[in-house]
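The values are calculated or read from the model by the stated rules, or taken from the named source; none is laboratory data. None of these values were measured; they are calculated from a predicted model. Quick reminder, even Gly has a Cβ in these numbers, built from the backbone with ideal geometry, and neighbours come from all protein chains shown. Surface accessibility is based on the protein's heavy atoms, side chains included, excluding ligands, DNA and RNA. Shrake-Rupley method; radii C 1.70, N 1.55, O 1.52, S 1.80 Å.
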Amino acid sequence: MRDVAIVAFAQSNCQRDAGAQNEVELIMPVLQDVYKQAGIKNAQDVDFTCSGSCDYQQGAAFAFVAGVDALGAVPPIKESHVEMDAAWALYEGWLKIQMGHAESALLYGFGKSSPGELPIVLSQQLDPYYLAPLWVDTIAFAAMQARTMLDSGIISELDMAEVVSRSRNNALSNPHAQLKGDGDAASLLAEPMYMSPLRRHDCCPISDGACAMIICTVEKAEEWGKPYAVIKGIDHRIETHHIGSRDLSRSVSTEIAGEAAGVNNGAVDVAELYAPFSHQEIILKRALGLSDDTVINPSGGVLAGNVMMASGLSRIGEVAMRIIRGEAKRGVAHATSGPCLQQNLVTVLEAK
């Protein structure tokens, strides 16, 4: 397998409502940022481009095509799209490089969740015969998962509040975060229930925004003369969409993906985990076998801002930039899709 370098990453601020800004206007600034970081002019200067988004958010078939306008894709480019978080666009770009079909790739993800009801929109990920017709939203499923864990004694409400408190405090240093603050766990526990046993702060916010990344072979990164972080392992797995057939207190797919990606092949300095709900961070930490020495979600994670279809790639970018800045030598990034951590992607990053 070839080592693949991450040479550039940019993300927009997480906004509750981007207002009149359309998706193209959200994408263009982050694209210009990564072009500048990599020292290239535009998408024609890379071999492959792949985006991640969700047509259901935009309410129209093939709505992702409009996002290509942000590339100025004339003359034609080699372009693809995944109806997933852009972390899976990274996976497609990584495969292109592994197969020798490209030496560099531009990846970007974007989403405007504010116009619709995101928890209901995401119910369309459910089994189309038995669950989707019931319109059970993502928060209800997460509440059932949290209740399972609380009743079995795996976690306590205090554990959940401590996750939120740390995330909000970490987000104070993140200029892109939507929610931040210095509240302690005790004050969070005093807040009313939202959907028992979840309080509002246990749930990630709804955010609009975009992010972009450029990857390439290590040889190309050296040619460009840019600092980089190396993707040493990447894997993703999915579990059954029958919720009742899963042990919701575990994330088996994360366990398998983490092992395949080589998480435990060395010490992990930093981890960015895509945990849309506070209790899920605890599940993911256990699934990946992370010790208390690992700094988890120093950006605040998605509890501080969750751009649907971009936050998974942002987790990878957050770790990569910390490695590039010399703040960490080895890190793990995680992305998820589907109810109750159904599908999970794990990436291991190291310094060159």
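Structure notes:
- Packing-based ranking, highest mean first, of 321-329, 307-315 given that Cβ atoms within 10 Å are counted: 307-315, 321-329
- Only helices enter this figure: runs of n ≥ 4 DSSP H residues, each worth -39500 (n - 2.57), summed and divided by the residues of the chain, yield -9500 deg cm²/dmol at 222 nm to the nearest 500.
- Nonlocal amide H pairs with Ala210, under 5 Å, H built at 1.01 Å: Ser12
- Area accessible to solvent at Thr254, 1.4 Å probe radius, in Å²: 0
- Taking every protein chain into account, the accessible area of the chain amounts to 40 square angstrom per residue (probe 1.4 Å).
- Euclidean distance of C-alpha centroids, the range 152-175 and the range 61-109, integer Å: 34
- The range 58-208, accessible surface, carbon-and-sulfur percent (1.4 angstrom probe): 58
- The listed residues Lys41, Lys78, Lys285 rank as Lys41, Lys78, Lys285 when sorted by accessible area, largest first, using a 1.4 Å probe.
- Ranking Asp127, Asp293, Asp33 from most to least accessible surface, computed with a 1.4 Å probe over the protein chains only, gives Asp293, Asp33, Asp127.
- Expected-Rg normalisation [2.2 N^0.38 Å, Cα atoms] applied to the chain: 0.93
- Applied to the range 50-65, the Karplus parametrisation 6.51 cos²θ - 1.76 cosθ + 1.60 on θ = phi - 60° returns per-residue 3J(HN,Hα) values of 9, 10, x, 6, 9, 4, 5, 5, 8, x, 8, 5, 6, 5, 5, 4 Hz, with x for Gly and Pro.
- Comparing Gly19, Phe62, Cys50 along the charge dipole axis of the chain, the residue lying farthest to the positive side is Cys50, per the Cβ-charge model.
- The range 122-170 shape via C-alpha gyration tensor axes, a/c threshold 1.5: oblate
- Solvent-accessible area of Arg286 with every protein chain in place, 1.4 Å probe, in Å² to the nearest 10: 150
- Per-bin percent of Cα-Cα distances, the range 143-300 [10 Å]: 9, 32, 36, 18, 5, 1
- The mean sequence separation of alpha-carbon pairs under 8 Å and at least six residues apart, normalised by the residue count of the chain, gives a relative contact order of 26 percent.
- With the whole protein complex present, Leu150 retains an accessible surface near 30 Å², based on a 1.4 Å probe.
- Whole-Å distance, taken between Cα centres, linking the range 1-50 and the range 312-342: 16
- Heavy-atom surface analysis with a 1.4 Å probe gives the range 235-352 a carbon and sulfur content of 46 percent of its accessible area.
- Each principal axis of the range 15-81 carries a Cα extent, and these read 33, 24, 16 Å when sorted largest first.
- Around the amide H of Val295, modelled in the peptide plane, lie the amide H atoms of Val270, Ala271, all under 5 Å away and 5 or more residues distant in sequence or on another chain.
- D (Stokes-Einstein, µm²/s), Kirkwood Cα radius, the range 137-222, 1.002 mPa s at 20 °C: 141
- The charge dipole of the chain, taken about its Cα centre with unit charges on the Cβ atoms of Lys, Arg (+1), Asp and Glu (-1) only, comes to about 380 debye.
- Computed over the range 79-172, the Cα gyration tensor eigenvalues convert (square root of 5λ each) into semi-axes of 33, 22, 15 Å, ordered from largest to smallest.
- Scanning residues 5 or more positions from Val4 or on other chains, those with amide H under 5 Å from its amide H are Ile231, with H placed 1.01 Å from N in the peptide plane.
- Residues within the reach of a label modelled at Gln98 (point 7 angstrom out along Cα to beta-carbon, backbone nitrogen below 17 Å), restricted to the range 314-352, are 333-335, 344-350.
- Overall form of the range 1-125: prolate. Here a/c, set by the Cα gyration tensor axes a ≥ b ≥ c, is 1.5 or more, and a/b is the larger of a/b and b/c.
- Here the contact order of the range 116-189, divided by its residue count and restricted to Cα pairs under 8 Å and six or more residues apart, works out to 21 percent.
- Using θ = phi - 60° and Karplus 6.51 cos²θ - 1.76 cosθ + 1.60, couplings along the range 233-245 (whole Hz; Gly, Pro as x): x, 7, 7, 9, 9, 10, 10, 4, 7, 7, 3, x, 9
- Above-threshold pairs, the threshold being 18 Å between Cα atoms, out of Lys36/Lys112; Lys220/Lys352; Lys180/Lys285: Lys36/Lys112; Lys180/Lys285
- Taken one residue at a time, the phi angles of the range 274-281 give Karplus couplings (6.51, -1.76, 1.60, θ = phi - 60°) of 7, 10, x, 10, 3, 5, 6, 4 Hz. Gly and Pro are set to x.
- Rg(Cα) / (2.2 N^0.38 Å) computed for the range 174-260, rounded to two decimals: 1.67
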